[in-house]
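The values are calculated or read from the model by the stated rules, or taken from the named source; none is laboratory data. The structure presented is a predicted model; accordingly, all values stated were derived computationally and were not measured. Ideal geometry is used to build each Cβ from the backbone, glycine not excepted, and the neighbour counts take in all protein chains shown.
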Amino acid sequence: MSIIESIRNWFQGKTQWQNQPPKLPDSYFVGEEYVKDPTRIDVVINAQFISGGLVHPFDFFLYGNRVLVRQSGAVLTVTIQRKIPQKLWQDVYSSQKGDRYIVAYVWKMLPRVNQEILKQKYASGHVFLKSISTLDIVALLLNYNKKTIQVRWPLAISDFPMPPELKIAGDEIYVRDFIDAMSSYFSSNYDDCIRRLVTATENFFEANKLPGNGFKDTVVKNISGGALAQKSIKSNLLFIYKLRNKIVHNKFRINPARGWICFKAISTVKYLFGSPLNTTNHMAAGYVSRIEMQFNMLRDFAGGFTNLDDIERAQSNPKNEPNEDNVIRTQEQMDKFMFSSLEITPKERGLVLMK
């Protein structure tokens with residue numbers, strides 16, 4: 001059939017599928033093709049960084065993986081020896097599909113790597129030593145069976161469009177502190193993240209001239225414990241402040257495996273900035289809401305949401321299927337849906353404070 005005939009048939013409504021359209025699967029989850037691959041192979045992942053300070057070599061085992069950290073000149077290499085799905089290797093090797101899952105494997109190890117780097121920094125007083133993130137990788141290599149390929153990473157990230165009327169809000173002191181806290185999160189410097197969030201909150205209180213004598217008193221006087229949203233924000237802020245004091249005054253250090261506390265803390269402070277307590281700069285509330293959405297996107301991009309090990313564990317413990325009782329019909333049910341996951345529960349507090 002000629003092109004002209006095909007066009008004529010299309011206008012006359014005569015076009016039909018030559019083949020049956022592909023059938024959609026009943027269900028699908030991110031990474032399913034790799035999680036369900038029964039064949040696992042031993043590979044070596046080398047993530048290279050530039051470090052102006054010399055990091056002394058160290059090794060450790062984490063989640064069944066062996067990790068070695070070595071430096072030659074200014075190049076710091078984090079080597080991860082682990083198993084991955086064979087299909088993932090094949091996809092990365094043949095079409096460079098699945099790169100982000102390799103990045104996610106590195107993301108999972110970096111909090112423990114950074115813990116040791118910061119330990120060396122403060123033990124020696126070496127001011128050039130600093131924590132690293134997947135966004136600092138200059139080369140990412142994957143090796144299997146004497147074959148080495150370079151994973152497509154790093155990728156340059158442009159800034160996110162911000163409405164002109166909101167841009168001026170980025171110069172607000174507490175907004176800058178909030179952004180710096182996000183940066184600390186990405187470099188696994190969770191202690192610094194918590195400190196900056198408390199500073200951001202204190203500056204927010206001052207900017208809005210909220211009554212109170214100190215952090216705790218200001219929270220108690222200005223945030224009621226009525227609605228679930230207020231309860232969650234209030235209790236979370238008080239815990240974040242307690243955690244900050246332990247870090248600053250009691251030499252406490254957040255376990256790298258508990259870095260998720262900063263994720264919850266960032267979301268908590270975002271809701272505070274967007275609350276009715278913000279009476280002086282409504283542009284700042286819109287600005288913060290946008291950068292928090294960007295933060296979530298960047299966390300996914302940097303590897304935080306795409307770790308196949310975590311996905312596999314989640315699939316092995318599926319939640320209950322949706323039912324009529326899960327349908328959201330009221331504002332109260334919506335608040336419960338949104339803020340129950342935001343709340344730092346007593347169990348989670350115990351885990352974070354555990355030595």
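Some values worked out for this structure:
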item: Qualifying residue in region 158-165 (condition: of a type in the set (Ser, Thr, Tyr) and not assigned by TED's automatic domain parsing to the domain that holds Met293); result: yes
item: Tally of residues being touching a Gly at 6+ places or on another chain (Cβ under 7 Å) and within 22 Å of Ile173 (Cα to Cα) across region 206-233; result: 2
item: Residue match in region 84-102 (condition: at pLDDT 95 or above, within 23 Å of the chain's Cα centre (by Cα) and not in a helix (DSSP H, G or I)); result: yes
item: Test: residue in region 106-119 that is out of contact with any strand residue (DSSP E or B) (no Cβ under 6 Å at 6 or more places or on another chain), in a loop (DSSP other than H, G, I, E, B) and surrounded by fewer than 18 Cβ atoms within 10 Å (Cβ to Cβ); result: no
item: Helices (runs of 4 or more DSSP H) lying entirely in region 137-214 (those with 2 or more residues that are touching a residue at least 60 places away in the same chain (Cβ under 8 Å) and of a type outside the set (D, E, K, R)); result: 173-186, 190-207
item: Within region 120-147, considering residues that are of a type in the set (S, T, N, Q) and surrounded by 12 or more Cβ atoms within 10 Å (Cβ to Cβ), the one nearest to Lys83 (Cα to Cα); result: Asn143
item: Search result, residues across region 291-312 that are under 17 Å from Tyr185 (Cβ atoms) and in a helix (DSSP H, G or I); result: Ile291, Glu292, Met293, Gln294, Phe295, Asn296, Met297, Leu298, Arg299, Asp300, Phe301, Ala302
